[in-house]
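What follows is calculated from the coordinates using simple rules that are stated; it is not laboratory data. Only a predicted model underlies this, so the values are computations on that prediction, with no experimental measurement involved. All Cβ positions, glycine included, derive from the backbone under ideal geometry; neighbour counts span all protein chains shown.
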Amino acid sequence: MNRDRVPPPGGRASSPRTGARFPPPGAEDARHYGEEGPTGRLVPSAVVRVAVLVSGTGSILEAFLQAGVPVALVVADRPCRALARAAEAGVPAELVERDRFDAAFDRDAYTRRLVDVLRRHDVDLIAMAGFGTILTGAAQAAFPDRILNTHPALLPAFKGWHAVRDALAAGAEVTGCTIHLAGVEVDTGEILAQEEVPVLPGDDEASLHERIKAVERRLYPATVRAILDRGHVFPVDSADPVASSPAGAVDRNRSTTVTTREA
């Protein structure tokens, strides 16, 4: 897809859909790199193209759309309700289906197929939204500092698929939601935003997870919108909308401690 990526000389491009502002191209490569490597700066195009990776019902996708995130593409790794939600919203969608779910699954080949689709659609920023396939480093190599993910705990605590269950098993009094850059290893990468969710007496995995999802559906779109507004993935200073955590949120620079109830 051909797009004009260059704003007026010496000026700043502004997106009519998002209000996102982008600096004019300078010493940095227009897409990903500066002199010192990946910069996290978005491309200097009129509208940043956001792809959302899905596997399930599409509740996060719906939250993005309701928040005005300019979703340009939805990609699923299996047939799912989220593809229908994309169609209902008039958003282009593709099924890049896994051929198997056992030990013989060729993860790297799948990742490269997915990267080819994202490149074909000229994607700038990728948001994993309940995407059920772990990708290899080929994804980060193709989109360095451009892949976001969400996790139902206050990372680095309770990594893995069963974060809510693990928080309950540990007797945690507080858990939460984390929005972070997707690292090569599962549940790693720089934390962009966190918000606490208290564990209430009588909580089970379902009830606690539902309250975390409610925070996630608000915090994730807000984090993406903040990135679009500043034209840069990483918070620039303490006044940044994401660097300054919202009320009740966790300072992203603070090491997470797990408070447990006494037995």
remark   = Gyration tensor on Cα atoms of segment 113-190, a ≥ b ≥ c root eigenvalues, a/c under 1.5 rounded, else prolate if a/b beats b/c, else oblate, says prolate
inquiry  = For VAL174, VAL224, which order do you get if you count the other beta carbons within 10 Å of each Cβ and list the fewest first?
reply    = VAL174, VAL224
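Within 14 Å, Cβ to Cβ, of PHE105, how many net charges do the neighbouring residues add up to if Lys/Arg are +1 and Asp/Glu are -1?
Net charge around PHE105: 0.
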task = With N denoting the number of residues in segment 69-167, provide Rg(C-alpha) divided by 2.2 N^0.38 Å, to two decimal places.
result = 1.14
Restricting segment 64-126 to GluC sites (Glu not before Pro) in coil, as DSSP defines it, with at most 15 other Cβ within 10 Å = GLU97
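Suppose R0 equals 25 Å; then what is the FRET efficiency for ASP122 and ALA87 from their Cβ-Cβ distance, rounded to the nearest 0.05?
FRET efficiency, ASP122 to ALA87: 0.75.
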